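Read the structure below first, then the notes.
Quick note: the coordinates plus some simple rules give every number you see, no bench work behind them. All values derive from a computational prediction rather than experimental measurement. Note that we place each Cβ from the backbone using ideal geometry, even for glycine, and neighbour counts take in every protein chain shown.
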Amino acid sequence: MTAEEWLGRLTTELHRRGVAPDAVVAEAAHHLRESGQAPERVFGPPAAYAAAVAESLLGPGVEPPGWVRPAAAGEEPGVEPPGAVRLEARGITKRYAHRTVLDGVDLTVRAGEVVAVVGANGCGKSTLLRICAGLTSPDAGEVHVRGRLGYCPQEGGTVERLTPDEHFVLIGAGRGTDRATARRQGRTAAAVLDWPGVDRSPVAGKLSGGTRQKLNLIMSGLGDPDVLLLDEPYQGFDKGSYLDFWQQVWRWRTERKAVVVVTHLLSELNRVDNVLELGR
Amino acid sequence: MDRDRRAQWLRGVLDLCVLGALSGGESYGYQIAQRLEAGGLGPIAGGTLYPTLLRLEKIGLIRADWRGGEGGPARKYYRLSDTGAETLASASAEWAGFAGVVKTFLEVATP
Amino acid sequence: MRTLAVAEATLREIARRRSVLVLLLVIPLAFYLARRGTEWWQGLRFMVMGVGWAMSTAALFAGNGARAIEPRLRISGYAARHLWLGQLLALWTVGAAVSVPYWVLVRVDLPQVRSGAMALILALTVLIAAPFGLGISALLPRELEGMLVLLTVLAMQTVLAPEARAGQALPFWFAREIGVYAVESDAGADHLTKGLTHAAVAAVILLAAVAVLSGLRLRRRRHLRLSAA
């Protein structure tokens with residue numbers, strides 16, 4: 001690829017990893033000009049270089065924008081503390097046959113907070129989320145949600161023979177949004193997840209697994225919900241889209257939403273506000 | 001010479017060599033790479049050099065500032081900080097000792 | 001409006017199911033043609049049953065197709081009644097559209113048949129078939145089992161003698177009754193009355209079943225309390 005293309009891709013990849021790209025790209029551009037060599041020879045693929053830069057600057061893992069780092073000398077925290085409680089689950093107990101899957105679990109999430117729910121397979125993470133979303137009844141316990149709810153299942157949740165646009169309109173009608181606005185919201189959200197051309201997309205059944213999950217994720221965020229319950233919605237995402245997903249989670253956090261993410265990938269755990277570990 | 005082994009050695013000492021390259025005076029990325037190559041280390045890929053520079057800057061061994069070139073775009077110039085100069089001095093002594101020990105082992109191996 | 005949004009989505013979904021469309025358009029015609037000529041009144045009966053069966057199948061598939069998205073539609077602000085009513089509206093629309101060419105066919109090909117009664121039969125069949133198929137879908141979420149039930153009902157309708165009382169338990173029994181009135185020029189209006197009554201009862205039972213089953217499946221759970229932000 002040409003130097004311009006390479007530098008453009010580098011900018012995107014730096015954004016995904018939470019690094020302000022301008023200085024890094026300018027320095028790389030300068031080096032390429034003086035050396036006259038091909039960018040891939042000097043720096044390697046854009047994603048790899050961006051990852052190396054991010055690791056040097058930020059340490060392993062990805063940094064969300066506006067993250068409150070421990071205040072160093074002269075540094076000021078840039079983000080407001082979490083606000084009112086949006087989701088409160090108390091004493092959630094669920095039994096299947098002879099197995100107690102959830103035993104008196106509590107979960108509180110405030111506006112502007114991201115909580116990760118972790119645990120081994122089968123320890124009830126999805127069940128807890130379904131109970132909080134009101135899709136399954138617990139054997140004991142209560143859930144109180146203040147505001148609108150959004151839910152993204154691990155898979156499924158789409159209609160095979162409808163196009164993404166038609167999904168947006170359908171969800172929008174439920175939230176009281178008109179068709180044009182619903183489509184616009186959906187398309188904007190798709191662009192953020194690196195899915196341009198969603199308006200020309202075929203029906204959901206013809207999409208790849210990862211793209212279908214992007215549709216799932218977009219649908220859960222339509223209509224501006226206040227609480228988002230996400231059950232490992234990144235199945236089938238490539239690495240870049242996975243990073244885009246976390247950027248979107250932190251964007252929601254900045255928008256003062258309460259976000260719950262079920263995950264078993266632990267590398268992002270030092271970038272969430274709270275971790276609920278099940279199965280202990 | 002075995003490329004992998006040489007790369008391993010270089011990984012261990014590149015940051016110190018960069019400090020050494022700057023001891024002669026401030027410089028910018030591409031020029032540092034040229035100094036290292038001219039000094040005998042061979043071509044250093046930008047993909048390796050710049051992350052090293054960023055790490056050294058982050059821990060405060062070098063400082064950087066952007067300067068407008070004469071009639072050209074701004075360049076990022078690096079120079080040794082005081083801590084960097086101290087580190088370079090002590091590393092130099094430590095390296096001499098370390099290299100001496102290794103040399104002893106390698107001489108014994110030759111029949 | 002929410003119900004119309006569901007109806008529109010269901011229509012689009014059905015329109016993209018080629019197998020269902022073929023069923024709807026071709027099967028009743030094939031049944032009709034099979035007996036055309038000698039036993040044309042049998043052909044008529046089979047055609048109507050074909051419409052009923054194809055419509056029920058369309059409803060079964062529509063119900064199953066929506067299953068994956070219904071929970072999140074609830075979360076997005078839909079009530080259960082929006083969902084099943086919207087699906088019914090879409091199915092009835094499709095049924096009405098498909099019935100017109102069949103009605104025209106009979107009117108042109110068999111002028112001796114009472115066309116008013118014929119229209120009534122087709123309309124009632126569509127009316128009943130939609131909630132019947134949706135009800136089966138609500139009870140049996142896997143398409144194969146649902147299809148088995150539909151095929152069984154169809155077979156029973158065909159096989160049972162007209163006088164058998166057991167036949168009245170089947171949802172499309174009215175079609176045969178009113179059919180007698182439509183086909184036999186000297187038939188009394190009591191066939192018409194009996195048929196209409198059966199259809200009315202069947203319609204009420206099936207619609208209630210769909211409403212109750214959907215409402216149950218998508219009910220607001222008591223453990224969850226929602227309040228404004």
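Based on the alpha carbon coordinates of segment C:1-73, what radius of gyration and maximum Cα-Cα distance (Dmax) apply, in Å?
That works out to 15.8, 54 Å for Rg and Dmax.
How big is the dipole moment of chain B about its Cα centre under a simple scheme where the beta carbon of each Lys and Arg is +1, that of each Asp and Glu is -1, and everything else is neutral? Debye, nearest 20, please.
Computed charge dipole of chain B: roughly 260 debye.
What number, rounded to the nearest 500 deg cm²/dmol, is the helix-based mean residue ellipticity at 222 nm of chain B, given -39500 (n - 2.57) per DSSP H run of at least four residues and division by all its residues?
Value at 222 nm, helices only: -21500 deg cm²/dmol.
So how tilted is helix A:239-254 from the main axis of chain A? Cα-based, degrees 0 to 90, rounded to 10.
Roughly 60 degrees, rounded to the nearest 10.
Have a look at B:ALA21, B:THR48, B:ALA64 and report the one farthest towards the positive end of the charge dipole of chain B, computed about the Cα centre with Cβ charges (Lys/Arg +1, Asp/Glu -1).
The Cα lying farthest towards the positive end belongs to B:THR48.
Where the only charges are on Cβ atoms (+1 Lys, Arg; -1 Asp, Glu), what is the dipole of segment A:3-58 about its Cα centre, to the nearest 20 debye?
In total the dipole reaches around 100 debye.
Can you tell me which lysines have their Cα less than 20 Å from the Cα of A:LYS125? Leave out same-chain residues fewer than eight positions away.
The reachable lysines, counting only those whose Cα sits under 20 Å from A:LYS125, are A:LYS94.
Return the long-range amide H neighbours of A:VAL159 (sequence gap of 5 or more, or a different chain), with a cut-off of under 5 Å between placed amide H atoms.
Amide H neighbours of A:VAL159: none.
Can you give the calculated 222 nm mean residue ellipticity of chain C, where each DSSP H run of n ≥ 4 adds -39,500 (n - 2.57) and the sum is split over every residue, rounded to the nearest 500 deg cm²/dmol?
Calculated mean residue ellipticity at 222 nm is -26500 deg cm²/dmol.
Please find, in a Gaussian network model of chain A (springs between Cα atoms separated by less than 10 Å), the residue of A:ALA180, A:ALA189, A:ALA116 whose mean-square fluctuation is greatest.
A:ALA180
How do A:HIS144, A:HIS98, A:HIS31 rank when sorted from fewest to most other Cβ atoms within 10 Å of their own Cβ?
A:HIS98, A:HIS144, A:HIS31
Quick one: P(r) of segment A:3-58 from all Cα-Cα pairs, 5 Å bins, percents rounded to integers, in order of increasing distance.
Reading the bins upward from 0: 4, 23, 36, 25, 11, 2.
Provide the per-residue ³J(HN,Hα) series for segment C:126-136, in order, calculated from phi with Karplus coefficients 6.51, -1.76, 1.60 and θ = phi - 60°, each as a whole number of Hz, with x at glycine and proline positions.
My calculation for segment C:126-136 gives 4, 4, 7, 4, 4, x, 4, x, 5, x, 4 Hz in order.
Where does each of C:SER227, B:SER23 land when they are ranked from fewest to most other beta-carbon atoms within 10 angstrom?
In increasing order of surrounding Cβ atoms, one gets C:SER227, B:SER23.
Using every pair of alpha-carbon atoms in segment A:215-280, split the distances into 5 Å bins beginning at 0 and state the percent of pairs per bin, rounded to integers.
4, 14, 30, 27, 17, 7, 1, 0
For the peptides C:25-32, B:96-103, what is the packing order when you average, over each peptide's residues, the other Cβ atoms within 10 Å and list the highest mean first?
Final packing ranking: C:25-32, B:96-103.
Which lysines have a Cα lying under 20 Å from the Cα of A:LYS239, excluding residues fewer than 8 positions away in the same chain?
Reachable lysines: A:LYS214.
Let me check I've understood the local charge: for C:ARG16, count other residues with C-beta under 15 angstrom from its C-beta, Lys and Arg +1, Asp and Glu -1. What total comes out?
Once all neighbours under 15 Å are counted, the net charge is 0.
Where nothing but the Cβ of Lys and Arg (+1) and of Asp and Glu (-1) is charged, how large is the charge dipole of the protein assembly as shown around its Cα centre, in debye to the nearest 20?
1780
How far is helix B:46-58 tilted off the main Cα axis of chain B, in degrees rounded to 10, range 0 to 90?
Value to nearest ten degrees: 80.
Would you mind calculating the relative contact order of segment A:3-58 from Cα pairs under 8 angstrom and at least 6 residues apart, reporting the percent as a whole number?
Relative contact order here is 48 percent.
Of all DSSP beta bridges in the protein assembly as shown, what percent run antiparallel (nearest 5)?
Expressed as a percentage, antiparallel bridges in the protein assembly as shown total about 50.
Just to check, using Stokes-Einstein with a Kirkwood Rh over alpha carbon pairs, what's the diffusion coefficient of segment B:3-109 at 25 °C and 0.890 mPa s in µm²/s?
So the translational diffusion coefficient is about 163 µm²/s.
Which number do you get for Rg(Cα) / (2.2 N^0.38 Å) in segment C:137-219?
1.31
Once Lys and Arg get +1 and Asp and Glu get -1 on their Cβ, which of C:ASN64, C:GLY167, C:LEU206 lies farthest toward the positive end of the dipole of chain C?
Projecting each Cα onto the dipole axis, the largest value belongs to C:ASN64.
Taking chain C as the reference, fit the longest principal axis to its C-alpha atoms, fit the long axis of helix C:143-159 to the helix C-alpha atoms, and give the angle between the two in degrees, 0 to 90, nearest 10.
20
Using a cut-off of 16 Å between alpha-carbon atoms, which aspartates and glutamates can reach A:LYS206, once sequence neighbours fewer than 8 places away in the same chain are excluded?
A:GLU155, A:GLU160, A:ASP165, A:GLU166, C:GLU13
Averaged over B:4-17, how many beta carbons belonging to a partner chain fall within 10 Å of each residue's beta carbon?
That average works out to 0.
Could you point to the residue in C:ALA155, C:ALA54, A:ALA52 farthest towards the positive end of the protein assembly as shown's charge dipole, with +1 and -1 charges on the Cβ of Lys/Arg and Asp/Glu respectively?
Final value for the positive-end residue is C:ALA155.
How shielded is B:49-55 by partner chains, expressed as the average number of their Cβ atoms within 10 Å of its Cβ atoms?
Per residue, the average neighbour count from other chains is 6.
Rg and Dmax of the protein assembly as shown, using alpha carbons, in Å: what are they?
Calculated on Cα positions, Rg and Dmax stand at 35.0, 123 Å.
So if I restrict to the alpha-carbon atoms in segment A:139-280, what is the Rg, and what is Dmax, the biggest pairwise distance, in Å?
15.2, 47
Give, in whole angstrom and from largest to smallest, the semi-axes √(5λ) of the equivalent ellipsoid of segment C:2-217, with λ running over the eigenvalues of the Cα gyration tensor.
31, 18, 15
Per-residue Cβ counts within 10 Å, from other chains only, averaged over A:90-102: what number is that?
The per-residue average across the peptide is 0.
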